[in-house]
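Worksheet for the structure shown next.
Please treat every number below as a calculation from the coordinates, not as lab data. Keep in mind that what you see is a predicted model, and the values were worked out from it rather than measured. As a convention, Cβ positions derive from the backbone with ideal geometry for all residues, glycine included, and neighbour counts pool all protein chains shown.
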């Protein structure tokens, strides 16, 4: 087993020094899913949630969250984000909102955490905006779909 990168010689948590690493183009995609009741799903679809347009606000919240990742996750580096996008898709069959985030940077370290944070906060925003109608909303399936760039190379989740 290789040495843990975020632990020093005394076993204490540390932020990794990436100053010797070369900047490369890096991307990441993440996914989250929010399960709604039929009543809430219909209200979101018809844009009849009292707090406003759920999908637009969730998208903006996810974008904002990606930019704040290093402030939320203690050992994450503050990196330049050249692109962050969030797609929210209503799945009528399953009464879910599927969230897919995409993040890109030219940096010495990866952008996976920014993509995951974006998808997670978009999901939490959906919960917040809809909880007055139903508190049994379920946030599930937060996962990394892919990452490219850097020393560790590419990763693509198989189904």
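What is the packing order of peptides 62-74, 111-123, taking the mean over residues of other C-beta atoms within 10 Å and listing the highest first? Intermediate results must be reported in sequence, preceding the final value.
On the way: 62-74: 17.2, 111-123: 26.8.
Taking the mean over residues of other Cβ atoms within 10 Å, the ranking is 111-123, 62-74.
If R₀ is 35 angstrom, what is the calculated FRET efficiency for the pair residue 142 and residue 9, using the beta carbon separation as r and rounding to 0.05? Intermediate results must be reported in sequence, preceding the final value.
Working: r = 33 Å, r/R0 = 0.95.
Here the calculated transfer efficiency is 0.60.
What is the chain's relative contact order, in percent, from Cα pairs under 8 angstrom and six or more apart in sequence? Don't jump to the answer; show the numbers that get you there.
Working: 320 pairs, mean separation 57.1, N = 159.
Here the relative contact order equals 36 percent.
Taking the square root of 5 times each eigenvalue of the Cα gyration tensor, what semi-axes in Å does the equivalent ellipsoid of the range 23-94 have, largest first? Kindly include the intermediate steps, with their values, before the conclusion.
Values: eigenvalues 179, 35, 24 Å².
Computed over the range 23-94, the values are 30, 13, 11 Å.
Let me have the 222 nm mean residue ellipticity of the chain computed from DSSP H runs of 4+ only, each contributing -39500 (n - 2.57), with the sum over all residues rounded to the nearest 500. Numbers along the way, then the final one.
Details: 4 runs with 45 residues, N = 159.
So the helix-based figure for the chain works out to -8500 deg cm²/dmol.
In whole Å, how far is the Cα centre of the range 75-124 from that of the range 1-42?
After rounding, the separation between the Cα centres reads 11 Å.
Cα axis of helix 112-130 to longest principal axis of the chain: angle in degrees, 0 to 90, nearest 10?
Once rounded, one gets 20 degrees.
Work out the FRET efficiency for residue 56 and residue 24 from their Cβ-Cβ distance, taking R0 = 30 Å, and round it to the nearest 0.05. List each step's numbers first, then the result.
On the way: r = 33 Å, r/R0 = 1.10.
For R0 = 30 Å, the calculated efficiency reads 0.35.
Please list 27-40, 83-96 highest first by mean number of surrounding beta-carbon atoms within 10 Å per residue. Intermediate values should be presented prior to the final figure.
Values: 27-40: 20.9, 83-96: 15.1.
Taking the mean over residues of other Cβ atoms within 10 Å, the ranking is 27-40, 83-96.
Provide, as a two-decimal number, the C-alpha radius of gyration of the range 24-151 over 2.2 N^0.38 Å, N being how many residues it has. The partial results should precede the final answer.
Values: Rg = 15.0 Å, N = 128, 2.2 N^0.38 = 13.9 Å.
For the range 24-151, the normalised Cα radius of gyration comes out at 1.08.
Residue 92 label point, 7 Å along Cα→Cβ, cut-off 15 Å on backbone N: hits in the range 28-42?
Only 38-39, 41-42 fall inside the zone, counting backbone N under 15 Å.
Sort 98-105, 144-151, 126-133 for me by packing, meaning the mean count of neighbouring Cβ atoms within 10 Å per residue, highest on top. Spell out each step's value before the answer.
Working: 98-105: 23.0, 144-151: 16.9, 126-133: 18.4.
Top to bottom by mean Cβ count within 10 Å: 98-105, 126-133, 144-151.
Compute the long axis of helix 54-67 from its Cα atoms, compare it with the longest principal axis of the Cα atoms of the chain, and write down the angle in degrees, 0 to 90, nearest 10.
10
Students often get this wrong: which residues of the range 30-66 have the backbone nitrogen under 13 Å from the point 7 angstrom along Cα-to-C-beta of residue 127?
Only 33-36 pass the distance filter.
Over the range 74-128, what is the relative contact order in whole percent, taking alpha-carbon pairs under 8 Å and six or more residues apart?
Values: 64 pairs, mean separation 17.7, N = 55.
So the answer I get is 32 percent.
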